[in-house]
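Undergrad: Here's a structure for you.
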Amino acid sequence: MRRKMRHKIYILIMTISASCVFLIGCKHKNEPNSGQIHPSDTNNSALAWVLKGDYQVVKSFYDLPKDVRIAILPEPSKSVRLGRMANPNERFNSTDVIEDDLPMRRFITGGFSKDYAFVFYEHGGRGYNQPFVILKREMGKANIILLAYLFEENGTMSLNQLKSIIKSNRIKEEKNAKYWSL
């Protein structure tokens, strides 16, 4: 008798647990889907600006204005690995096998205007990723208004591919950007 009762209690607990997981995992249809963003979302003007192309494109991270560079690599470092960004096609630490004379980041593309800037780069190490950052520029300072990650299997890409990814909603916004190091 006790055994049957325990079994019924176990089944009841498992059913309630599964229901809770299901209900917590479900979102209201008007909520954003797991951080994915689209040009029609809150960052509409910034994403639309990237798609429109009303900016100067740069081929090197070091061609960006100083306020933008400082927002991405804020602390000057004596370490090449931490305080520098490789240019496109230069070697960098793409995996967790670290060489001290190589940077951890490699610039892919970027651009800037008077009001905005964007930077797209690779960040190597144990968790390789491709951050895409849009910054608002005001009064000599650039502030990050969007940090998103692009997940493309083909690796490094062009500005046109970046625009295609934005249009097709294949980027994921990092809602807790303040907790992540760029």
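Undergrad: Mind telling me which of the residues Glu122, Glu99 ends up being more than 25 Å from Asp54 (Cβ to Cβ), at pLDDT 85 or above and not in a loop (DSSP other than H, G, I, E, B)?
TA: Numbers: Glu99 fails: not in a loop (DSSP other than H, G, I, E, B).
Going through Glu122, Glu99 in turn, just one is more than 25 Å from Asp54 (Cβ to Cβ), at pLDDT 85 or above and not in a loop (DSSP other than H, G, I, E, B): Glu122.
Undergrad: Going by the structure shown, is Glu122 out of contact with any Cys (no Cβ under 9 Å at 6 or more places or on another chain), crowded, with 20+ Cβ neighbours inside 10 Å and not aromatic (Phe, Trp, Tyr)? Full working, then the answer.
TA: On the way: out of contact with any Cys (no Cβ under 9 Å at 6 or more places or on another chain): yes; crowded, with 20+ Cβ neighbours inside 10 Å: yes; not aromatic (Phe, Trp, Tyr): yes.
Judged against the criteria, Glu122 is a match.
Undergrad: May I pose another question? Given the criterion modelled with pLDDT of 85 or more, assigned to a loop (DSSP other than H, G, I, E, B) and of a type in the set (D, E, K, R), identify the matching residue among Lys136, Lys163, Lys114. Walk me through it before giving the result.
TA: On the way: Lys136 fails: assigned to a loop (DSSP other than H, G, I, E, B); Lys163 fails: assigned to a loop (DSSP other than H, G, I, E, B).
Criteria check complete, one pass: Lys114.
Undergrad: Checking Leu73 against (1) closer than 19 Å to Leu162 by Cβ; (2) in contact (Cβ under 8 Å) with a residue 12 or more places away in the chain, which single condition isn't satisfied?
TA: All conditions pass for Leu73, except number (1).
Undergrad: Scan the stretch 143-150 and tell me whether some residue there is under 13 Å from the mean Cα position of the chain (by Cα), small (Gly, Ala, Ser), part of a strand (DSSP E or B) and farther than 17 Å from Asp54 by Cβ.
TA: The first filter runs over the stretch 143-150 and keeps only residues under 13 Å from the mean Cα position of the chain (by Cα), leaving 144-150.
Those left that are additionally small (Gly, Ala, Ser): 148.
Now restrict to residues that are part of a strand (DSSP E or B): 148.
Keeping just the survivors that are farther than 17 Å from Asp54 by Cβ gives 148.
Yes, there is a match, as at least one residue in the stretch 143-150 is under 13 Å from the mean Cα position of the chain (by Cα), small (Gly, Ala, Ser), part of a strand (DSSP E or B) and farther than 17 Å from Asp54 by Cβ.
The values are calculated or read from the model by the stated rules, or taken from the named source; none is laboratory data. Since we're looking at a predicted model, the values are computed, not measured. No Cβ is skipped: glycine too gets one built from the backbone with ideal geometry, and neighbour counts run over all protein chains shown.
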